[in-house]
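Notes for the one structure printed next.
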Amino acid sequence: MTYSLTRTSMALDSMTLSAINFLAKKWEVSKAEVMRRAIKKAKEDADLKEQQPKPIEALDWLQKGGGLRVQEAEVFRKEVRAEREAKRYWWEH
């Protein structure tokens, strides 16, 4: 992997620096690599969250069938009914 590096300085509190040192030793990488990985993970999480629908959008989608076609929904209903019937006790029939 080839990429250019830019040196920078920053002020970190002792707890953050301690955590970076701990992770660098645990992962056997440099402190800079710990920060690169953490930032990459934070960016991926932010991107994923941004792509997720808002709760009201998800509810609308579910109320419109959640992506199931009518035929698929009917097959699913039949499977669930059959499964429930198979699990009934003799006195429930």
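Derivation of every value follows stated rules applied to the coordinates shown; laboratory data play no part. Just so we're clear, the structure is a prediction, and the values are computed from it rather than from any experiment. Here the Cβ positions follow ideal geometry from the backbone for every residue, glycine too, while neighbour counts run over all protein chains shown.
Note on F22/E57: beta-carbon distance plugged into 1/(1 + (r/R0)^6) with R0 of 41 Å gives a FRET efficiency of 0.55.
Partner lysines whose Cα lies under 28 Å from the Cα of K31, excluding those fewer than 8 positions away in the same chain, are identified as K40, K41, K43, K49.
What is the percent of Cα-Cα separations in the chain that go past 22 Å?
On the way: 2726 of 4278 pairs.
For the chain, the share of Cα pairs beyond 22 Å comes to 64 percent.
Stretching the chain fully between A46 and A82 yields a gain of 8.7 nm (0.36 nm per residue, less the alpha carbon separation). Give me the distance between the Cα centres of region 53-70 and region 1-22, rounded to whole Å. So the two Cα centres are separated by 43 Å.
The calculated 222 nm mean residue ellipticity attributable to helices in the chain amounts to -21500 deg cm²/dmol, summing -39500 (n - 2.57) over DSSP H runs of n ≥ 4 and dividing by all residues. Of the trypsin sites (Lys or Arg not before Pro) found in the chain, the ones in coil according to DSSP and having at most 16 other Cβ atoms within 10 Å of their Cβ are R7, K64, R69, K87, R88.
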